[in-house]
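Novice: Have a look at the structure that comes next, please.
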Amino acid sequence: MKPLYSCNAPAQSGATDTRRLVVLAFLVAVALVVSFIESMLPPAILLAPGAKLGLGNIAPLIALIILGVGDAFIVTALKCLLGAIVTGGVSGLMYSVPSGMLALAVEVLLFYTVFDRISVAMISLIGAIVFNCVQLGVASLVTGVNLLTLLPWLATAGLLAGAFTGLLAYYIVKRLPYSVYGGVRRSRD
Amino acid sequence: MNFDNVKKVKCSKAFTVLDIIIVAVIAVAIGVSAWLIYRKPALTVTVTAPDYARTFSLDEDRTVVLEHITVHIENGKVWVTDADCADKVCERTGVISRGGQSIVCLPHGVVIRIGGESDLQWELGR
């Protein structure tokens, strides 16, 4: 596992650092726009109240894969914060921050322990279920209402949405050429 | 850029065998929790009078004839007829069917109560 951050560690190279910054900002921007567009779509209320695809959650997962643990947490934090500012629902931070962070923590743990035996889609699936469960827990605490009845529905929604977004993230990382990740171009003989 | 991770993901499969097992386990867990949460709790009807106390199942149809009162249990509903008191409050209570509801006849000291797990406790907003 790569060390998260240390103050004195020298940057690998100027180019790598810039690329990291650009990719990080790009992921946050894409997550914000995608969540914003998604919020305009009709909600999938049939499955569970408040259930949505959560396409924006691809960003932390991709950040975890191509950047690293620390950057994935940064993407999540920025996504929550900027998302709250963009949509104007600052109280939404109460729900999005704990669930996003915990889901990511679980994903990090899974990625660095059992990845390859379970796929990226599976990691995302479990993360989504954790996300929904934490959100339900927070909602129960905030409203003081026992919302446990929604758990099976939200877990099912998380299962489907998580698998979908996970597959998407997997194919994005798989299909993008190495040059995007800063792979060194082979010198032409 | 974490090149190792990218390489690992690029070389990984979209699905693995373990995935299918875990999804099956999660699906079963969701099913069981849904069953636990949504099952109808078994309700009982307790009839108590000064010299009488018995508990019946709400699901079994029966008629309990007491000295001053007749209790009907039918189709998950309970009501009282043939009360020989003056006020007839118990008869006018009507039909009860949910956990926690009761019919009381004060003149004869008869209490009919639907007990067991209350099915109201799982309702949202309560």
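Novice: Pick out the one residue from A:100, A:158, A:68 that is within 13 Å of chain B (Cβ to nearest Cβ) and in contact with a Lys or Arg (Cβ under 9 Å, 6 or more places away or on another chain).
Specialist: A:68
Novice: Tell me, which strands (runs of 3 or more DSSP E) wholly within segment B:18-89 include 1 or more residues that are open to solvent by 70 Å² or more (accessible area, probe 1.4 Å) and over 20 Å from residue B:115 (Cβ atoms)?
Specialist: It comes to B:62-65.
Each row is one residue, and each column tells you yes or no for (1) in contact with a helix residue (DSSP H, G or I) (Cβ under 8 Å, 6 or more places away or on another chain); (2) within 14 Å of chain B (Cβ to nearest Cβ).
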site	(1), (2)
A:89	no, no
A:93	yes, no
A:96	yes, no
A:109	no, no
A:118	yes, yes
A:129	yes, yes
A:142	yes, no
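Novice: Is it the case that residue A:85 is at pLDDT 85 or above and either open to solvent by less than 60 Å² (accessible area, probe 1.4 Å) or in contact with a Phe, Trp or Tyr (Cβ under 7 Å, 6 or more places away or on another chain) (or both)?
Specialist: No.
Novice: Can you tell me which residue among B:55, B:44, B:16, B:48 is of a type outside the set (A, V, I, L, M, F, W, C), touching a strand residue (DSSP E or B) at 6+ places or on another chain (Cβ under 7 Å) and at the interface with chain A (Cβ under 8 Å from one of its Cβ atoms)?
Specialist: On the way: B:55 fails: at the interface with chain A (Cβ under 8 Å from one of its Cβ atoms); B:44 fails: at the interface with chain A (Cβ under 8 Å from one of its Cβ atoms); B:48 fails: at the interface with chain A (Cβ under 8 Å from one of its Cβ atoms).
The conditions single out B:16.
Novice: Would you tally the residues in segment B:73-108 being among the basic types (Lys, Arg) and at pLDDT below 85?
Specialist: 2
Novice: Cβ-Cβ below 6 Å, separation at least six or inter-chain, first residue in segment B:1-16 and in a helix (DSSP H, G or I), second open to solvent by 30 Å² or more (accessible area, probe 1.4 Å): which pairs?
Specialist: Pairs found: B:10/A:174.
The values are calculated or read from the model by the stated rules, or taken from the named source; none is laboratory data. This one's a predicted model, so the numbers in the text were calculated from it and none came from an experiment. So basically every Cβ, Gly included, is an ideal-geometry build from the backbone, and we count neighbours across all protein chains shown. Calculation scope for accessible area: heavy atoms of the full protein, side chains included, ligands and nucleic acids excluded. Shrake-Rupley method; radii C 1.70, N 1.55, O 1.52, S 1.80 Å.
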